[in-house]
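One structure is given below, encoded as structure tokens.
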Amino acid sequence: EMKLDSLEALERTMAAQGVNVQDYKQDLRDHLLTQMVMQREVSGKVFVDSEKVRHYYLTRREELAQPESVRLREILVSTEKSSPAELPAREERVRELLGKIRKGEKFEDLAREYSDAPTGVDGGELGYFEPDKLAPAIREAVGKLNVSGVSDPMRTQQGWLVLQLVEHRAAGVP
């Protein structure tokens, strides 16, 4: 917060920052005038009839239908560059992480710190998927979870994967 004691002090500060005071004043006038015109000419004249909205919704319900979707997070403990001798340690690592999650540590925090997947920086956030478009093993694992639930480790080509079901949206019309 700038504590300026006068209009002159404000103008000096603006000038020192390369802001042309006259241009700023004109921009401010234009902005205020635009807001006033919009308020008077548009906002005051827009009326939405709730019956028309209801009719529109009812006649287009099928268009609004959404498929079932799940929002997932992941933690990946990669085995891609691991030698066969290192594989048991990688499996132990994923099981340690799963233990931490089940003891109450936040999935997304552990993903940020330990996941080898690119999504780790975002807390393992994968986004939304239609379950029937997931790989069968993943679909089966996710299908057993409640919201906030965490899968057992799954062996994939990339390594050991743990998934969290963040949200489940049923199919239907909003």
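The values are calculated or read from the model by the stated rules, or taken from the named source; none is laboratory data. Bear in mind the structure is a predicted one, so any value in this text is a computation, not a measurement. Positions of Cβ are backbone-derived with ideal geometry, glycine not excepted, and every protein chain shown enters the neighbour counts. In case anyone asks, the SASA skips ligands and DNA or RNA and just uses the protein heavy atoms, side chains included. Shrake-Rupley method; radii C 1.70, N 1.55, O 1.52, S 1.80 Å.
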(message) Restricting to region 112-158, name every residue that is of a type in the set (A, V, I, L, M), touching a Lys or Arg at 6+ places or on another chain (Cβ under 9 Å) and more than 16 Å from VAL70 (Cα to Cα).
(response) VAL121
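Any chance region 146-164 includes a residue that's farther than 18 Å from ARG95 by Cβ, open to solvent by less than 20 Å² (accessible area, probe 1.4 Å) and at pLDDT 95 or above? Break it down stepwise before answering.
Taking region 146-164 as the starting set, the residues that turn out to be farther than 18 Å from ARG95 by Cβ are 146-148, 157.
Filter again for open to solvent by less than 20 Å² (accessible area, probe 1.4 Å), leaving none.
No, region 146-164 contains no residue that is farther than 18 Å from ARG95 by Cβ, open to solvent by less than 20 Å² (accessible area, probe 1.4 Å) and at pLDDT 95 or above.
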(request) Could you grab me the full set of residues in region 107-133 that are open to solvent by 40 Å² or more (accessible area, probe 1.4 Å) and in contact with a helix residue (DSSP H, G or I) (Cβ under 9 Å, 6 or more places away or on another chain)? (result) GLU108, ARG112, GLU113, TYR114, VAL121, ASP122, GLU125, LEU126, PHE129, ASP132, LYS133
(request) Could you list all residues from region 74-130 that are over 15 Å from ASP152 (Cα atoms) and acidic (Asp, Glu)? (result) GLU80, GLU86, GLU105, GLU108, ASP109, GLU113, ASP116, ASP122, GLU125, GLU130
(request) Just name the residue that is nearest to LEU64 (Cα to Cα) out of those in region 29-53 that are of a type in the set (S, T, N, Q) and either open to solvent by less than 100 Å² (accessible area, probe 1.4 Å) or touching a residue at least 40 places away in the same chain (Cβ under 8 Å) (or both). (result) SER50
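With of a type in the set (Val, Ile, Thr) and without any contact (Cβ under 8 Å) to a residue 12 or more places away in the chain as the only criterion, which of VAL150, VAL142, VAL121 stands out? Don't jump to the end; show me each part of the working.
Details: VAL150 fails: without any contact (Cβ under 8 Å) to a residue 12 or more places away in the chain; VAL142 fails: without any contact (Cβ under 8 Å) to a residue 12 or more places away in the chain.
From the options VAL150, VAL142, VAL121, the qualifying one is VAL121.
Do we have GLU108 as over 17 Å from LEU161 (Cβ atoms) and among the acidic types (Asp, Glu) here? Explain how you work it out, then say what you get.
Numbers: over 17 Å from LEU161 (Cβ atoms): no; among the acidic types (Asp, Glu): yes.
No.
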(message) Being under 15 Å from the mean Cα position of the chain (by Cα) and more than 17 Å from VAL150 (Cα to Cα) is the filter here; which residues of region 99-124 pass it?
(response) VAL121, ASP122
(request) Taking only region 54-73 into account, find how many residues are exposed (fewer than 10 other Cβ atoms within 10 Å of the Cβ) and among the acidic types (Asp, Glu). (result) 2
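Considering each of GLU91, GLU11 in turn, give the residue that is touching a helix residue (DSSP H, G or I) at 6+ places or on another chain (Cβ under 6 Å), part of a helix (DSSP H, G or I) and open to solvent by less than 70 Å² (accessible area, probe 1.4 Å). Walk me through it before giving the result.
Values: GLU91 fails: touching a helix residue (DSSP H, G or I) at 6+ places or on another chain (Cβ under 6 Å).
Criteria check complete, one pass: GLU11.
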(message) Every residue in region 54-81 that is touching a residue at least 24 places away in the same chain (Cβ under 8 Å) and part of a loop (DSSP other than H, G, I, E, B), please.
(response) ALA65, PRO67, GLU68, THR79, GLU80
(request) Tell me which residues, restricted to region 14-27, are assigned to a helix (DSSP H, G or I), open to solvent by 80 Å² or more (accessible area, probe 1.4 Å) and not acidic (Asp, Glu). (result) ALA16, GLN22, TYR24, GLN26
(request) Would you check if SER78 is more than 26 Å from PRO174 (Cβ to Cβ), touching a helix residue (DSSP H, G or I) at 6+ places or on another chain (Cβ under 9 Å), modelled with pLDDT of 95 or more and small (Gly, Ala, Ser)? (result) yes
